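**Student:** Let me give you the structure first, and then I'll get to my questions.
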Amino acid sequence: MPAPISRRKGEEQVVSIRVHQLTKSFRTRSKQEGLTGSWRALWKPEWRQVPAIRDISFLMERGEALGFIGPNGAGKSTTIKILCGILHPDAGTAEVLGHVPWQDRQQLCYEIGSVFGQRPQLWYHLPPVDSFHVYGAIYGLDRDATRRRVDFLVDVFELQHLLHTPVRKLSLGQRMRCEVAVSLLHAPKLLLLDEPSIGLDIVAKQRIRDTIRYMRDEEGVGVLLTSHDAGDIEALCNRVIVISDGQLIFDDTMDELKRRHLTAKQVNVRYLEEGERSLPMAGVETVAAGRYGMQIRFDPRTVGVDAVISGLHGLGSMVDITISDPDLEDIIGTIYAENALDPDAA
Amino acid sequence: MERKRGLGFVGALWRVNLLSAMEYRVPFIMQLGGMMLNNVIYFAFWVLFFDRFEEVQGWTLRDMMLLFAVVASGLGLAMMLFGNCRAIARIVAAGDLDRYLALPRPVLLHVLASRSSVPSMGDFVFGLIWFVLAGDVTAAHALRFLLAVVLSACTFTASLVLANSLVFWLRRSELLADHFLNAMITFSLYPGTLFNGAARVFLFTVVPAGLTGALPVEMLRDFDAATLGWLCAGTAVLAAFALLAFQIGLRRYESGSAIVVRI
């Protein structure tokens with residue numbers, strides 16, 4: 001086992017998650033394709049260890065909102081499951097709110113809330129209010145305390161008209177709002193969210209983000225959010241960890257992520273007259289071109305913004321122009337590219 | 001926030017299971033009545049049998065009624081209160097244990113109490129009716145019957161937990177667990193005196209159906225402390241093995257990413 005993590009004085013008060021060289025792999029049977037492969041595997045199975053996470057280390061402060069981003073199969077869910085006490089790691093150490101999750105799971109669960117986007121907690125055939133009361137009992141709250149907390153959450157999450165409707169009749173977005181609300185029933189200090197916006201449309205995603213942000217700001221709930229949607233991370237987190245192929249490849253603030261990797265500006269321009277246009281300048285890349293406009297990308301460290309604007313101005317009478325930073329999706333793509341990783345590998 | 005750490009949550013789970021089952025009124029009533037009718041039809045075979053033969057190695061039709069009463073009520077009680085004991089292998093294989101591990105309660109108890117089977121309520125009621133129809137409904141006899149049912153329910157639960165826990169090592173053992181339950185029910189419903197020697201050892205170890213049917217009925221027929229002692233000891237040993245197997249197996253749990261809703 002690796003050496004325990006050294007702690008500074010008073011660190012217990014400010015650190016909510018401490019992870020050191022966490023490693024986990026799964027034993028998987030490999031099989032050749034087809035019936036012959038299945039027959040062979042039946043009598044002579046071949047096993048291999050598939051690493052899920054490798055030597056991951058990070059700290060998370062109390063009340064912090066930390067985003068865990070990476071493609072499918074990167075190890076995000078495995079990490080969050082270890083931190084909830086669901087899985088045991090092969091090596092490494094971890095502490096969540098002072099508890100070793102896989103040794104002190106029950107005590108830890110009173111202090112954290114968790115939402116797994118792919119694993120609903122609410123009873124499918126019953127209205128959410130019944131599930132709220134069961135979870136109140138599971139968390140050891142008396143009926144009055146549960147009722148008071150439910151009233152508060154119903155207000156914050158605007159669940160008034162959903163509370164008595166069977167879950168099966170709710171939309172995915174409405175259901176997920178109820179899922180997040182039930183995870184906050186016992187006033188946890190830390191919320192672990194694994195893909196809470198999976199499958200939601202943009203409006204539903206925005207409502208989930210708003211309510212999580214409200215609870216983070218009003219109740220000081222720490223948030224550890226895993227998602228492959230960069231928008232979730234950008235909206236909720238001030239720090240981001242990028243993980244791919246089980247390894248941590250970036251760990252810093254959102255601002256630092258943008259400063260280091262936001263090396264391009266994107267320009268959308270629209271002209272009054274129809275025509276074919278191009279801007280043949282070194283360091284300028286045409287992303288898309290149409291009859292009335294174009295989209296270009298350039299690196300402001302090598303090409304001046306004023307030179308690009310002058311060049312575009314020389315191509316005709318402009319009616320509209322916007323200069324923007326690329327989406328976080330693009331930045332993450334750049335990080336994968338720098339680490340020679342395939343973002344679709346899963 | 002002040003918290004109660006007792007077992008009150010189990011009552012809340014049973015309540016919500018009942019609410020969930022009663023959400024669909026007609027299927028609820030049909031399943032309940034259907035299971036009772038099924039048991040009556042099954043018992044009709046023994047009525048025809050004892051019409052031709054007065055007894056089978058000391059067992060009469062009344063003993064068979066008591067046997068059906070104990071097994072039906074015992075199995076019914078187990079499935080009503082701990083309905084997931086037959087579904088642990090499926091839950092583990094689907095990675096659905098995550099939802100229980102993410103909550104602050106003992107995993108096995110939480111899993112077991114999270115499901116109540118509606119048809120089993122029919123089994124339970126059938127058993128009570130059959131006990132009354134068998135006659136001799138004195139307070140002492142009813143108390144012994146209740147004890148026999150509780151012990152039978154504990155044995156059913158423990159042996160199913162044990163069989164289902166094999167999933168932690170085999171990874172897929174749902175069918176095996178189903179066959180085990182069928183074997184338990186089938187062997188429970190034969191007169192205890194039919195089996196001797198190796199078969200009797202088999203029925204008190206590998207498939208402990210002797211503890212769910214024959215021995216409780218022997219206790220009802222001629223009550224003595226030794227039989228009750230054996231019954232309690234057998235149930236306790238099975239429960240200890242079941243708990244141990246589940247706890248050791250839990251360390252091997254690997255989760256999963258299947259999408260499962262909570263019914």
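**Student:** Give the number of residues within the stretch B:130-169 that are more than 21 Å from B:L181 (Cβ to Cβ) and among the small types (G, A, S).
**Tutor:** Summing the residues that are more than 21 Å from B:L181 (Cβ to Cβ) and among the small types (G, A, S) in the stretch B:130-169 gives 5.
**Student:** Tally up the residues in the stretch A:289-307 that are over 30 Å from the mean Cα position of the chain (by Cα) and either under 18 Å from A:R270 (Cβ atoms) or part of a strand (DSSP E or B) (or both), please. Let's see the steps before the verdict.
**Tutor:** Looking only at the stretch A:289-307, we keep the residues that are over 30 Å from the mean Cα position of the chain (by Cα), and these are A:289-294, A:301-307.
Remaining after also requiring either under 18 Å from A:R270 (Cβ atoms) or part of a strand (DSSP E or B) (or both): A:289-294.
Residues flagged as over 30 Å from the mean Cα position of the chain (by Cα) and either under 18 Å from A:R270 (Cβ atoms) or part of a strand (DSSP E or B) (or both) within the stretch A:289-307 amount to 6.
**Student:** Sticking with this structure for a sec: Hey, can you tell me all the residues within the stretch A:138-159 that are part of a helix (DSSP H, G or I) and hydroxyl-bearing (S, T, Y)?
**Tutor:** Correct list: A:T146 only.
**Student:** Further question: Within the stretch A:83-99, which residues are touching a strand residue (DSSP E or B) at 6+ places or on another chain (Cβ under 7 Å) and either in a strand (DSSP E or B) or more than 10 Å from every other protein chain (Cβ to nearest Cβ) (or both)? Give the steps one after another, and end with the answer.
**Tutor:** Going through the stretch A:83-99, the residues touching a strand residue (DSSP E or B) at 6+ places or on another chain (Cβ under 7 Å) turn out to be A:83-84, A:87, A:89-97.
The answer is A:L83, A:P89, A:D90, A:A91, A:G92, A:T93, A:A94, A:E95, A:V96, A:L97.
**Student:** While we're here: Which condition number in (1) polar (S, T, N, Q); (2) over 23 Å from the mean Cα position of the chain (by Cα); (3) within 10 Å of another protein chain (Cβ to nearest Cβ); (4) more than 30 Å from B:F28 (Cα to Cα) is the one that A:Q103 fails?
**Tutor:** Among (1) polar (S, T, N, Q); (2) over 23 Å from the mean Cα position of the chain (by Cα); (3) within 10 Å of another protein chain (Cβ to nearest Cβ); (4) more than 30 Å from B:F28 (Cα to Cα), the lone unmet condition for A:Q103 is (3).
**Student:** Sticking with this structure for a sec: List the number of the failed condition for A:G293; all other conditions in (1) of a type in the set (G, A, S); (2) in contact with a strand residue (DSSP E or B) (Cβ under 6 Å, 6 or more places away or on another chain); (3) under 30 Å from A:P196 (Cα atoms) hold.
**Tutor:** Of the numbered conditions (1) of a type in the set (G, A, S); (2) in contact with a strand residue (DSSP E or B) (Cβ under 6 Å, 6 or more places away or on another chain); (3) under 30 Å from A:P196 (Cα atoms), the odd one out for A:G293 is (3).
**Student:** Being crowded, with 19+ Cβ neighbours inside 10 Å and not hydrophobic (A, V, I, L, M, F, W, C) is the filter here, so list the residues in the stretch B:138-173 that pass it.
**Tutor:** B:S152, B:T155, B:T157, B:S159, B:N164, B:S165, B:S173
**Student:** I need the full set of residues from the stretch B:43-86 which are of a type in the set (A, V, I, L, M, F, W, C), in contact (Cβ under 8 Å) with a residue 40 or more places away in the chain and in a loop (DSSP other than H, G, I, E, B), in order please.
**Tutor:** Passing the criteria: only B:F82.
**Student:** Looking at (1) more than 10 Å from chain B (Cβ to nearest Cβ); (2) buried (at least 19 other Cβ atoms within 10 Å of the Cβ); (3) among the aliphatic types (A, V, I, L, M); (4) within 26 Å of B:G6 (Cβ to Cβ), which is the one condition that is false for A:L159?
**Tutor:** Failing condition for A:L159: (4).
**Student:** Would you mind finding the one in B:A78, B:A87, B:A72, B:A102 that is within 14 Å of another protein chain (Cβ to nearest Cβ), within 26 Å of B:V16 (Cα to Cα) and either in contact with a Gly (Cβ under 6 Å, 6 or more places away or on another chain) or not basic (K, R) (or both)? Please lay out each step first, then the result.
**Tutor:** Working: B:A78 fails: within 14 Å of another protein chain (Cβ to nearest Cβ); B:A87 fails: within 14 Å of another protein chain (Cβ to nearest Cβ); B:A72 fails: within 14 Å of another protein chain (Cβ to nearest Cβ).
Testing whether each residue is within 14 Å of another protein chain (Cβ to nearest Cβ), within 26 Å of B:V16 (Cα to Cα) and either in contact with a Gly (Cβ under 6 Å, 6 or more places away or on another chain) or not basic (K, R) (or both) leaves just B:A102.
Every number in this text was worked out from the coordinates using simple rules, so none of it is lab data. None of these values were measured; they are calculated from a predicted model. Cβ sites come from the backbone with ideal geometry, for glycine too, and all protein chains shown count toward neighbours.
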